[in-house]
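The structure under discussion appears below in the form of structure tokens.
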Amino acid sequence: NITRPWWKDAVVYQIYPASFHDSNNDGIGDIPGIIQKLDYIQSLGVEVIWVCPMYASPQIDMGYDISDYEAVHPPYGTVQDMEVLIKETHSRNMKVILDLVINHTSDQHAWFKESQSSKDNPKRDWYIWRPAKYDSEGKRGPPNNWRSFFGGSVWQWDEQTQEYYLHLFCTEQPDINWENEEARKAIYQSAMTSWLEKGVDGFRIDTVNMYSKPMDFPDAPVQDPSTPWQDASLIFCNGPNMDKYLDEMNAILSRYNAMSVGECPATPDRARVIRYVSAEAKKLNMVFQFDSVDVGQSKPSKYDTKPFNYTLADVKGAISRTQSLLDGTDAWTTSFIENHDQARSVSRFGNDSPTFRTRSGKMLSMLFASLSGTLFIYQGQEIGMINMPKDWDIAEYKDIDSQNFYADALARNPGNKAVKDFAKAGLQHLSRDHARTPMQWTAASPNAGFTGDKVKPWMRVNTSAQDGINVKDEDADATSVLNFWRSMLKVRKNHAEVLVHGTFQLVDENNEKVFSFVKTSLDGKDKALLVCNLSDEENRVPEFEGVELAEAMLLLDNPWEGRIYLID
Ligand code: TEU
Ligand code: CA
């Protein structure tokens, strides 16, 4: 067995600090709250925790707008709390990775305040400033037509210095100018080395392929004439200096044997992805591609679609593409279907009704825990958490992305009830808020044990906690989603050559209800057949050449049933 790096067989558990566990009854999750739950996390059988941004931040984008990389957002705790978390995680033989958000800072970061103060400030060039363009009537406008991920232009006018600055995300997230070497060095020290020195074992790297932009900022082709702002992600992702910057970052990470997983949207070219994640490239260990999580979403805004707007073929194609990164390469990949930017997978790809939510949660666990690459589980996914109730008011949706999308839909169609209902239905199905409701620990309190009974949590607790979707009830129930995940992670570990490192091959590809695939160990000796019924009906197990399945095993007599056949 060749010596493999530790992060290939590891399972990573993602924690959203605001919503995980509140230890001091202020309604906001915190780092001491995470420390109190480390034994629970260890009981899942995971090896790594990924903590979402806990740095100093005005929280416009829930901490992805950082104002000081070396300080901790006070409601979450202190740097000392982080040092205890790292120590307590290590003492349980687990590792901890942090979120590395260095495409942009908060507009409240000291660096940006200096850069913004005057055109000849030494840090002016640490961000991307450009003069306005004027049309034939002398009307001022931004340098180009790029659309921000959160709607509107990517350019914000600064009255004080009479120039625009670039922000691919919200206006409070100014993009750093990575062309400036001094800025890069400051980022590496402040955001990376300072935490690696504290014992952090690696990073999930936010928007990892956006740092290098074409500095002439060409207009994007017009796909949507109804708006001046066009999706330019294929222009500003994977820019010319990406390899140079990742080489610099890897030189630091490899000194600490640290893991790196990059968030890599808008990269349809398989060869480009492989140049990021092949072992000999020494850039990133692995990436999150968006093929699977984008299924059923629209563009440029994810929510501008009716619910369930996809086919099983879309799911099969997405998973095949991300698994095929391993075919004939020294690359690595990831298996995930939830995170803090995605609605709950049982609601999106399973069936979250009381009849089917447990079975579909278990089927999805079997599916994703049988895929090759490093497996990531998002907090609450292990207990089969589902979306917020459909009748909740739009005010419960706290995410800037949700609020901007809804406000924009209403502004562009004032008084149009159909548009308002369509926008709300899109958010009810796909908004990032569904992943951010507080973790459900017990049914025995109105706040599901996330915070004190009399406290108003920063975000409303999903009532599904009272219907059995909570750690306490599921821990005591051998047939729960929670205990299925625990068993499935053991199966994954005991059959790692097939399930973690094996090749992926679709079978019965055209079946529109049943998703079947074969995994084969690299030495060809061991196989597994997965058969997942992603429908409300009974279905049959497909023929699988070379294996005679007993008749009794052929009928998936349960809708949403999953089966794994281990064939040695
Ligand atoms: O997301 C970057 C990103 O491209 C997608 O998440 C998507 O555009 C976004 O979810 C809008 O729906 C990362 C973080 O995961 C996300 O939480 C941050 O909002 C974003 O970067 C900015 O830091
Ligand atoms: Ca708290």
message = Going by amide H atoms built from the backbone, whose H comes under 5 Å of the H on Q14, apart from near neighbours?
response = W50, I377, Y378, Q379
ask   = Can you list residues whose amide H is under 5 Å from V287's amide H, if they're 5+ apart or on another chain and H is modeled 1.01 Å from N?
value = G262, T334
query = Between K490 and K299, what is the label-to-label distance in nm when each label sits 7 Å out along the Cα-to-Cβ direction?
reply = 4.4
query = Residue separation times 0.36 nm, minus the C-alpha to C-alpha distance between R92 and T78: what's the value?
reply = 2.9 nm
query = For the stretch 333-339, what does the Karplus curve 6.51 cos²θ - 1.76 cosθ + 1.60, with θ = phi - 60°, yield as ³J(HN,Hα) per residue in whole Hz, taken in order and with x for Gly and Pro?
reply = 9, 10, 10, 7, 9, 10, 6
ask   = When the Karplus curve 6.51 cos²θ - 1.76 cosθ + 1.60 is applied with θ = phi - 60°, which whole-Hz ³J(HN,Hα) does each residue of the stretch 105-112 get, with x for Gly and Pro?
value = 10, 6, 6, 9, 5, 4, 4, 5
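Based on Cα coordinates alone, diagonalise the gyration tensor for the chain, multiply each eigenvalue by 5, take square roots, and list the semi-axes in whole Å, largest first.
Numbers: eigenvalues 280, 141, 135 Å².
Taking √(5λ) for each eigenvalue gives 37, 27, 26 Å, largest first.
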request  = Work from the charge dipole of the chain (Cβ charges, +1 for Lys and Arg, -1 for Asp and Glu, about the Cα centre) and give the residue of V12, A418, Q466 farthest towards its positive end.
outcome  = V12
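Rounded to the nearest 0.05, what FRET efficiency do M215 and K525 give with R0 = 45 Å and r taken as the Cβ-Cβ distance? Could you check? Don't skip to the answer; put the middle values down first.
Details: r = 52 Å, r/R0 = 1.16.
After rounding to 0.05, the efficiency reads 0.30.
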Rounded to 10°, Cα long-axis angle of helix 312-323 versus longest principal axis of the chain = 80
ask   = Helix 79-91 versus the longest principal axis of the chain: what is the Cα-based angle in degrees, 0 to 90, to the nearest 10?
value = 30
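Can you give the charge dipole size of the stretch 293-419 about its Cα centre, rounded to the nearest 20 debye, using +1 on the beta carbon of Lys and Arg and -1 on the beta carbon of Asp and Glu? Can you show the working numbers first?
On the way: 14 positive and 15 negative charges, 87 e Å.
Charge dipole of the stretch 293-419: 420 debye, to the nearest 20.
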request  = Please report, in cubic angstrom per residue, the volume enclosed by the convex hull of the alpha-carbon atoms of the stretch 278-423.
outcome  = 138
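What is the fewest-to-most order of R255, R147, R486 by other Cβ atoms lying within 10 Å of their Cβ? Don't skip to the end; give the middle numbers.
Values: R255 10, R147 22, R486 16.
In order of increasing Cβ crowding within 10 Å: R255, R486, R147.
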inquiry  = Checking the cross-link filter: which lysines have an alpha carbon closer than 26 Å to that of K417, excluding same-chain neighbours under 8 positions apart?
reply    = K299, K302, K306, K390, K398
ask   = Any idea what angle helix 481-494 forms with the longest principal axis of the chain, computed on alpha-carbon atoms, 0 to 90 degrees, nearest 10?
value = 80
task = Calculate the spin-label point distance for N121 paired with S43, positioning each point 7 Å from the Cα along the beta-carbon direction, and give it in nanometres.
result = 5.0
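Give me the net charge of E88's neighbourhood, meaning all other residues with Cβ under 11 Å from the Cβ of E88; Lys, Arg count +1, Asp, Glu -1. Please report the intermediate quantities before stating the final value.
Working: positive: K37, K87, R92; negative: D39, D81, E83.
Cβ neighbours under 11 Å give a net charge of 0.
Go through the stretch 503-532 and name the trypsin sites (Lys or Arg not before Pro) that are in a DSSP coil and have 11 or fewer other Cβ atoms within 10 Å of their Cβ. Kindly include the intermediate steps, with their values, before the conclusion.
Details: sites: K513, K519, K525, K527; in loops: K513, K525.
Hits after loop and neighbour filter: K525.
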Antiparallel content of DSSP bridges confined to the chain, in %, to 5 = 55
note = Reduced to Cα centres, the span from the stretch 461-487 to the stretch 411-431 in Å works out to 33
Gap separating the Cα centres of the stretch 378-396 and the stretch 93-125, nearest whole Å = 32
message = Please compute the length gained on full extension between A186 and K390, using 0.36 nm multiplied by the number of residues separating them and subtracting their Cα-Cα distance.
response = 68.9 nm
request  = Obtain the nm distance between the two label points defined at A71 and N257 by a simple spin-label model: each point lies 7 Å from its Cα along the Cα-to-C-beta direction.
outcome  = 3.5
ask   = Can you give the net charge of the other residues whose Cβ lies under 10 Å from the Cβ of K525, counting K and R as +1 and D and E as -1?
value = -3
inquiry  = Skipping prolines and chain starts, which residues have an amide H placed within reach, meaning under 5 Å, of the one on Y55, given they are 5 or more residues away or on another chain?
reply    = H73
ask   = So how far, in whole Å, is the C-alpha centre of the stretch 328-366 from the one of the stretch 29-90?
value = 24
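Of K95/K490; K37/K282; K420/K513, which sit over 23 Å apart, Cα to Cα?
Check vs 23 Å cut-off fails for K37/K282; K420/K513.
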ask   = Of all DSSP beta bridges in the stretch 30-182, what percent run antiparallel (nearest 5)?
value = 75
ask   = When the Karplus curve 6.51 cos²θ - 1.76 cosθ + 1.60 is applied with θ = phi - 60°, which whole-Hz ³J(HN,Hα) does each residue of the stretch 367-383 get, with x for Gly and Pro?
value = 4, 6, 7, 9, 8, 6, x, 7, 8, 10, 10, 9, 3, x, 5, 5, 10
message = Which one, G151, Y134, T89, projects farthest toward the positive side of the charge dipole computed for the stretch 15-153 from Cβ point charges (K/R +1, D/E -1)?
response = Y134
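FYI, it's all coordinate maths here, none of it is from the lab. Keep in mind that this is a model prediction, so the values were computed, not measured. Every residue, glycine among them, receives a Cβ derived from its backbone with ideal geometry; neighbour counts consider all protein chains shown.
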